[in-house]
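Below: one structure, written as structure tokens.
The values are calculated or read from the model by the stated rules, or taken from the named source; none is laboratory data. Because the structure is predicted, anything quoted here is derived from the model rather than measured. Every residue, glycine among them, receives a Cβ derived from its backbone with ideal geometry; neighbour counts consider all protein chains shown. Note: accessible area is taken over every heavy atom of the protein model, side chains too, but ligands, DNA and RNA are not part of it. Shrake-Rupley method; radii C 1.70, N 1.55, O 1.52, S 1.80 Å.
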Amino acid sequence: MSTELETEKITPRVIHVIRQNSDKVFRGILIAGGLAAFVLLSGIFGFLATSAGPVLRAFGLSFFTGKTWYAGDGLLPSEGSIDPPTFGLAPMLWGSLLIAVIAVAIAIPMAIGIALAATYFLPKKIAFAFTVFVDLVAAIPSIVFGLWGFFVLMQHGALWAKWLNTHLGFIPFFKVEFEGFEQSPFMAGLVLAIMITPIIAAVSREIFASVPAELINGAQALGASRWTMIRNVVIPFSKSGITGGAMLGLGRALGETIAVFFVLQLFFDEINWIRILESTGGSVASLIVSRFGEAQPLEISALFGAGLALFLVTLAVNAVATAIVSSTNRAKK
Amino acid sequence: MSKALSDTPTQPWKTVDPEFRKQQLITHLGTPVLALLFTVISPMAGFTGFCVTWFGFHVFAAALLAKYGKKPKSYANAFIEVFVGVTIFVFVAFVSTVLWPVISNGMAGVSHLNLLFQDAGKVGADASLDKGGFGHAIVGSALMIGLASLISVPIGILAALYVTEVRGKLTPFVRFFVQAMSGVPSIVAGLFIYSALIISGILQYSGFAGSLALSILMLPTVARTAEEILRLIPDDLRTAALALGGTQWRTVRMVVLPAAKSGLITSAILGIARVAGETAPLLLTAFGNNVLNVNPFSDSMAALPSYVFNQMLLGGDNDMARAWFATFVLLIAITILFTSARIVADRMKRN
């Protein structure tokens, strides 16, 4: 008896919504629009995988681990090839990662400095103008950075690289096997660093701006200098957000094509693990642009495989970054 | 007494001693001058030498200021100030070396206005600047960007409306996939259109294929900024419209969208600015063309960025001059788009 009463009490009131037909159609259209991103992403995956099929079937996993990219006569051995091609993506994949990591390593301190300046150091009006300027840099097309890298940075950068090599050559990163400093992963990393700094700075700035004012005021009331306040309040609060921003930058750097195309010498036969000052690099995106024009059908298929690998890597990096950034945003609220 | 009881807080920690300001000013302005002098008289030559010496002087001066200045602070605090100053300087210096060549080399083309209006049909490599131009690339860019906006702006706004109006179970997934899509490398978008439409023979190399690739890149930018804008519309407006008996469709069409109009225009402009400079996907889809082509559905089409790319590969002096001028035009267009978007968004936020 008593149990019945209790169940009656806790049954929630059900509100029936009877939607008009026009609303049903409208919501259907909105759902379709919302799912467009998902459909397109799966479409990209599906089509790239299908087009890469011939090469993936012929080479299997060695497509991703092989160290040589050689087009040969464009026929498989089973088709009676005299000069069989080998497609190994490892040097390009590693090269992409290497230049992206160099870029992020240079960009993070710069972005943090810029974000700190805009949030805490500059007067409000100048800070606003500076923010607009930094955001505008994010909109500069990559072809402009390509021109810059090729005509401006390369001459100076080669001198800096040579300096690093002669004075700090005992560090394995700065060793070279031959003296070609112009089109190295270091140079590509520098170009990418300027390109992704605004992205990381924008994310960091938003996180800095969302540090609770009572924490900052509290620190200042306790007599903290700006540095003490930043060190003990701002940085701990925004550490994961900056990490997320850095990963967004990493994703952008991995996928950048044209700017890298002009400043990086691709090396198809071996992986250049850490010699970042030497003109032997790799980049998946740049590989696609440089080989696409003259490729035979089999190599085109291999380039689709390269695009697929690039797509999956950037997707994974971006997913992690988004998860980090949105979880910090949620924690704040 | 009356001061302590006044309504406005006085914020005594914010008042800065003018004497201290003076010392700061001397440090910040004095060190570059010293560094410049040092660069001139010492073997540390050139821009790099100037930067290095300036940095050294500045750290030294900041430490001195911290120790003996009017308002002694910790060395770490002085350091962070120098660090922030140096990052700003390095970034602005790098960016100005990016922009300066475009401006100075681009200005050389201003006296040859034929470059803006003619196409490159009857002009060979390295022809003098009086002949031909890249009018066809400007028209191609405009057509492709226009088509891409026609495709991606409505879809992007629909996706944003799903998140802010329907608020269904799929909301986190929609947001996640839109965010994930914003990371798709531009070259992959080109490869996708190439494999889906061009290999299969549905389209040839054409402006339309190019604009499809651009719209893939544009969609997430539009969707994300539109979502932010729609969030700014107060829920009171929606509930009021619903309470008056409006269906959801009429609420959105007659209340939400008109209120968000200028913001949605911003999102479209930001999307355009995002793709206006894209080169890589166009190389695989629109391919590029030397003559004017105004039909996006047949035959290949040129665009400003891919024109610059091809001129760079030609590499002659006059080819490069054309490339710089085209870059100059592109950069001006993007700056105008971007600042107008900023102004509209700023005005909207203030309202």
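I'd like the residue in segment B:301-331 that is small (Gly, Ala, Ser) and open to solvent by 20 Å² or more (accessible area, probe 1.4 Å) and, out of all such residues, is farthest from B:Ile103 (Cα to Cα).
So in segment B:301-331, the residues small (Gly, Ala, Ser) come out as B:302-303, B:306, B:315-316, B:321, B:323, B:326.
Of the ones still in play, those that are also open to solvent by 20 Å² or more (accessible area, probe 1.4 Å) are B:315, B:321.
On the way: B:Gly315: 19, B:Ala321: 12 Å.
Out of the qualifying residues, it is B:Gly315.
Of all residues in segment A:147-169, at least one satisfies being of a type in the set (Gly, Ala, Ser) and part of a loop (DSSP other than H, G, I, E, B). Residues that are surrounded by fewer than 22 Cβ atoms within 10 Å (Cβ to Cβ) and either in a helix (DSSP H, G or I) or within 17 Å of the chain's Cα centre (by Cα) (or both) within segment A:84-93 comprise just one, A:Ala90.
Among the residues of segment A:122-150, those identified as touching a Lys or Arg at 6+ places or on another chain (Cβ under 9 Å) and without any contact (Cβ under 8 Å) to a residue 60 or more places away in the chain are A:Val132, A:Leu136, A:Ala139. Might you check whether a residue that is in contact (Cβ under 8 Å) with a residue 24 or more places away in the chain and more than 18 Å from B:Gly210 (Cα to Cα) occurs anywhere in segment B:146-156? Yes: segment B:146-156 contains one or more residues that are in contact (Cβ under 8 Å) with a residue 24 or more places away in the chain and more than 18 Å from B:Gly210 (Cα to Cα).
Considering the conditions (1) more than 9 Å from chain B (Cβ to nearest Cβ); (2) at pLDDT below 85; (3) part of a helix (DSSP H, G or I), A:Phe186 is excluded by exactly one of them, (2). The residue of segment B:77-104 that is nearest to the other protein chains (Cβ to nearest Cβ), among those that are in contact with a Phe, Trp or Tyr (Cβ under 6 Å, 6 or more places away or on another chain) and farther than 15 Å from A:Ala117 by Cβ, is B:Val98.
Filter segment A:8-31 down to residues that are at the interface with another protein chain (Cβ under 7 Å from one of its Cβ atoms) and within 19 Å of B:Thr164 (Cα to Cα), then give me how many there are. Matching residues across segment A:8-31 total 7. Filtering segment B:159-194 to residues that are open to solvent by 10 Å² or more (accessible area, probe 1.4 Å), facing chain A (nearest Cβ under 8 Å) and under 14 Å from A:Ile288 (Cα atoms) leaves B:Ser186, B:Phe192.
What residue, among those in segment B:83-103 that are out of contact with any Leu (no Cβ under 9 Å at 6 or more places or on another chain) and open to solvent by 50 Å² or more (accessible area, probe 1.4 Å), is farthest from A:Ile143 (Cα to Cα)? Checked segment B:83-103; the qualifying residue farthest from A:Ile143 (Cα to Cα) is B:Phe89.
With respect to (1) in contact with a helix residue (DSSP H, G or I) (Cβ under 7 Å, 6 or more places away or on another chain); (2) at pLDDT 90 or above; (3) among the hydroxyl-bearing types (Ser, Thr, Tyr), the lone exception for B:Thr239 is condition (1).
Which is within 14 Å of chain B (Cβ to nearest Cβ), under 30 Å from B:Ser215 (Cβ atoms) and either assigned to a loop (DSSP other than H, G, I, E, B) or free of Cβ contacts under 8 Å to residues at least 60 places away in the same chain (or both), of A:Phe45, A:Phe38?
Values: A:Phe45 fails: either assigned to a loop (DSSP other than H, G, I, E, B) or free of Cβ contacts under 8 Å to residues at least 60 places away in the same chain (or both).
Only one candidate qualifies: A:Phe38.
Can you tell me which residue is surrounded by the fewest Cβ atoms within 10 Å (Cβ to Cβ) among those in segment A:112-127 that are within 24 Å of the chain's Cα centre (by Cα) and more than 8 Å from chain B (Cβ to nearest Cβ)? Only one residue tops the list, namely A:Ala118. Touching a residue at least 24 places away in the same chain (Cβ under 8 Å) and within 20 Å of B:Ile80 (Cβ to Cβ), is that true of A:Arg226? So A:Arg226 fits the description; yes. So how many residues does segment B:217-246 have that are touching a Lys or Arg at 6+ places or on another chain (Cβ under 7 Å) and either closer than 9 Å to B:Gly156 by Cα or among the small types (Gly, Ala, Ser) (or both)? Matching residues across segment B:217-246 total 2.
Residue-wise test of (1) within 14 Å of chain B (Cβ to nearest Cβ); (2) open to solvent by 40 Å² or more (accessible area, probe 1.4 Å).
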position: A:Met195; (1), (2): yes, no
position: A:Ile207; (1), (2): no, no
position: A:Ile235; (1), (2): yes, yes
position: A:Ala259; (1), (2): yes, no
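Filtering A:Ala316, A:Ala323, A:Ala285 for residues that are closer than 30 Å to A:Gly241 by Cβ and buried (at least 18 other Cβ atoms within 10 Å of the Cβ) leaves a single hit, A:Ala285. Contact map, segment A:305-333: residues that are basic (Lys, Arg) paired with residues that are at pLDDT below 90 and crowded, with 19+ Cβ neighbours inside 10 Å, Cβ distance under 6 Å, separation 6+ or inter-chain. No pairs are found.
So, of the residues in segment B:39-59 that are open to solvent by less than 50 Å² (accessible area, probe 1.4 Å) and hydroxyl-bearing (Ser, Thr, Tyr), which turns out to be modelled with the highest pLDDT? If you could, list the steps in order and put the result at the bottom.
Quick first cut of segment B:39-59, residues open to solvent by less than 50 Å² (accessible area, probe 1.4 Å) only: B:39, B:42, B:46, B:49-51, B:53-54, B:56, B:58.
From what's left, hydroxyl-bearing (Ser, Thr, Tyr): B:39, B:42, B:53.
Values: B:Thr39: 72, B:Ser42: 63, B:Thr53: 77.
Per the criteria, the residue is B:Thr53.
Counting residues in segment B:289-307 that are over 30 Å from B:Gly201 (Cβ atoms) and within 10 Å of another protein chain (Cβ to nearest Cβ) gives zero.
Considering every residue within segment A:276-283, establish whether at least one is assigned by TED's automatic domain parsing to the domain that holds A:Met187, of a type in the set (A, V, I, L, M) and farther than 22 Å from B:Thr285 by Cα. Yes - at least one qualifying residue is present in segment A:276-283.
Mind listing just one residue for me: the one in segment B:201-233 that is open to solvent by 50 Å² or more (accessible area, probe 1.4 Å) and in contact with a helix residue (DSSP H, G or I) (Cβ under 9 Å, 6 or more places away or on another chain) and, of those, nearest to B:Ala137 (Cα to Cα)? Even if it seems obvious, please write down each step before you answer.
Going through segment B:201-233, the residues open to solvent by 50 Å² or more (accessible area, probe 1.4 Å) turn out to be B:201-202, B:204-205, B:224, B:228, B:231-232.
So of that shortlist, the ones also in contact with a helix residue (DSSP H, G or I) (Cβ under 9 Å, 6 or more places away or on another chain) come out as B:202, B:204-205, B:224, B:228, B:231-232.
Working: B:Ile202: 24, B:Gln204: 19, B:Tyr205: 15, B:Arg224: 29, B:Glu228: 34, B:Arg231: 38, B:Leu232: 38 Å.
Among those residues, the one meeting the criterion is B:Tyr205.
Taking segment B:127-145 as the region of interest, how many residues are open to solvent by 10 Å² or more (accessible area, probe 1.4 Å) and either within 30 Å of B:Phe176 (Cβ to Cβ) or within 10 Å of chain A (Cβ to nearest Cβ) (or both)?
Start the filter on segment B:127-145 by keeping residues that are open to solvent by 10 Å² or more (accessible area, probe 1.4 Å), which leaves B:127-131, B:138-139, B:141-143, B:145.
Next, from what is left, pick out any that are either within 30 Å of B:Phe176 (Cβ to Cβ) or within 10 Å of chain A (Cβ to nearest Cβ) (or both): B:145.
Adding up the residues that qualify gives 1.
Just one of the listed residues (B:Thr251, B:Thr239, B:Thr266, B:Thr279) is open to solvent by 20 Å² or more (accessible area, probe 1.4 Å) and either without any contact (Cβ under 8 Å) to a residue 12 or more places away in the chain or not hydrophobic (A, V, I, L, M, F, W, C) (or both), namely B:Thr239.
Criterion applied to A:Ser96, A:Ser81 was being within 14 Å of chain B (Cβ to nearest Cβ) and open to solvent by less than 60 Å² (accessible area, probe 1.4 Å), and the one residue passing it is A:Ser96.
Look at segment B:281-335 and say how many of its residues are assigned to a loop (DSSP other than H, G, I, E, B) and out of contact with any strand residue (DSSP E or B) (no Cβ under 6 Å at 6 or more places or on another chain). Can you show your working first?
Start the filter on segment B:281-335 by keeping residues that are assigned to a loop (DSSP other than H, G, I, E, B), which leaves B:286, B:288-300, B:302-303, B:315-316.
Still in the running and out of contact with any strand residue (DSSP E or B) (no Cβ under 6 Å at 6 or more places or on another chain): B:288, B:290-292, B:294-299, B:302-303, B:315-316.
Residues that pass the stated criteria total 14.
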